[in-house]
Amino acid sequence: MQYKALDEAQQQRFDPMISGFNPTDMYAVRHIERVLRTFPGVFTGVGEFSVHREFVSSKVSGEVASLSNPALDSILDFAGKVGLIVILHNDMDMPMASGKQQPVYLAEMKSLLKRHPETTIIWAHIGLGRVVRPVGNRQYPNQPASSHIEVVHDMLKDPAFAHVYFDISWDEVAKYIVASPSSLVASADLMKKFPDRFLFGTDAVSPPDQVFYRALYETYHELWKELDAVSSEKIRKGNYLRLFDRARQKGSSQKVGVSGVDFG
Ligand SMILES: [Zn+2]
């Protein structure tokens, strides 16, 4: 309602996203549909919503969220069908993981992503968290050493994940990226190789002023310097415009409102 109270020009500056549904609820997709019908032309996507999230997911009442829950597939399927962009928070690994095993949620997340090639999905925070550390140069039995950068690189190279993007939002992510000259250069090199696949975001909650709101942008100062101008522009703004304007054009809500797409 707040959004609808804005004038056209102001509305153009916001991409409202639907959240507040339970990803384990088989009827979550009906909730999303109802929101689109109730507020046609308002929402561009769903999320950020969480599946595995450090100490938060265990606090959600009812069924524990899982990456193999059919409710989640129906949400991603629906989003793909009507053109909603998806932002998904899912830790790649357990909090404070020992590093001796494969990142716990990586394989499941990959198969979930592969099941929805029609859906534009942004993996929030590159799967990192407050205490979910980057995959660190771990040596697994008869497997090449792999690090977080390599895990993400492998996904970016794989056409099966062409619909997947990564955001570098949240200061808990920045702390890893700017932690050392080597982590900065390695991160920047990956972003320069795939400049269309990363998005900057703040994840700043209810900022009281611009200084607070821009803090993470400033934290990434060295990153913006390390990137070439084209990659930097794409990651700061261009990729957002491309992906979110495309989702708007797909106009899931208009479709719902006007042609009454059969959600079958
Ligand atoms: Zn998050």
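Worth a mention:
- Any hit, the range 82-98, residues being more than 18 Å from SER169 (Cα to Cα), in contact (Cβ under 8 Å) with a residue 40 or more places away in the chain, out of contact with any strand residue (DSSP E or B) (no Cβ under 7 Å at 6 or more places or on another chain) and away from the ligand (no atom under 16 Å from the Cβ): yes
- Leading residue by the ranking (least open to solvent (accessible area, probe 1.4 Å)) among those in the range 237-264 that are modelled with pLDDT of 95 or more and among the aromatic types (Phe, Trp, Tyr): PHE244
- Yes/no for MET109 being over 20 Å from PHE21 (Cβ atoms) and either surrounded by 17 or more Cβ atoms within 10 Å (Cβ to Cβ) or in contact (Cβ under 8 Å) with a residue 40 or more places away in the chain (or both): no
- Extreme residue, nearest to the ligand (Cβ to nearest atom), among residues of the range 99-124 that are of a type outside the set (A, V, I, L, M, F, W, C) and at pLDDT below 95: TYR105
- Verdict on PRO134 being open to solvent by less than 60 Å² (accessible area, probe 1.4 Å), modelled with pLDDT of 95 or more and more than 30 Å from PRO70 (Cβ to Cβ): no
- Among the residues making up the range 1-27, those that are modelled with pLDDT of 95 or more and in contact with a helix residue (DSSP H, G or I) (Cβ under 7 Å, 6 or more places away or on another chain) are TYR3, ASP15, ILE18.
- Total residues in the range 197-236, condition open to solvent by 50 Å² or more (accessible area, probe 1.4 Å), of a type in the set (A, V, I, L, M, F, W, C) and outside any helix (DSSP H, G or I): 1
- Residue in the range 50-58 that is aliphatic (A, V, I, L, M), open to solvent by less than 70 Å² (accessible area, probe 1.4 Å) and away from the ligand (no atom under 16 Å from the Cβ) present: no
The values are calculated or read from the model by the stated rules, or taken from the named source; none is laboratory data. Just so we're clear, the structure is a prediction, and the values are computed from it rather than from any experiment. All Cβ positions, glycine included, derive from the backbone under ideal geometry; neighbour counts span all protein chains shown. Calculation scope for accessible area: heavy atoms of the full protein, side chains included, ligands and nucleic acids excluded. Shrake-Rupley method; radii C 1.70, N 1.55, O 1.52, S 1.80 Å.
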